[in-house]
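Throughout, read-outs are computed from the coordinates displayed, never taken from laboratory work. Every value quoted in this text rests on a predicted model; they were computed, and no experiment measured them. Neighbour counts are summed over all protein chains in view; Cβ atoms, including those assigned to glycine, are modelled from backbone coordinates with ideal geometry.
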């Protein structure tokens, strides 16, 4: 029997070709589907994550944050009666294909604060404005400008503080 005459069962073909080879007009594209993150890819964090709070930043110049931004974040946490041991600080720049589900798998959280990221950066299913508390799949998300942009703007700092007060009852 030659290779041209081999007949494969449909189940085996489905396993071999699990992705679409040709896109037809009007069919949903796989390009827009989230890329699955390997469960073995460990996301690095700073902090103890004791109170199930995740803080996500996108810092290109530091491992987690530059020193002055880390000092500012520490002051914010102190105002909320929290410390770095209570949170997991994650720099998303180190993650190949960031998404909120992978983040929740490794750091199950009740609160997730995004500084300098949009909900789309984590592939959240909902878009929402700065400083709005948004509950998604058991976690409350809050997104705000990057810390270095937030600190000099009093109006934005006040909006952030109002959201944090509401979330942490301070």
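The residues 41, 74, when put in order of fewest to most other Cβ atoms within 10 Å, stand as 41, 74. Remark: the residue 149-residue 133 segment gains 3.8 nm on full extension, using 0.36 nm per residue and subtracting the alpha carbon distance. The C-alpha atoms of the range 53-168 occupy a region whose extents along the principal axes are 31, 30, 25 Å, arranged from largest to smallest. Among 64, 131, sorting on how many other beta-carbon atoms sit within 10 Å of each Cβ, with the fewest leading, yields 131, 64. Projected label points at residue 166 and residue 121, each 7 Å from Cα along the beta carbon direction, are separated by 2.2 nanometres.
Counted by neighbouring Cβ atoms within 10 Å, the residues 49, 97 run from fewest to most as 97, 49. From Cα pairs below 8 angstrom and at least 6 apart in sequence, can you work out the relative contact order of the range 55-135, rounded to a whole percent? In percent, rounded to a whole number, it is 39.
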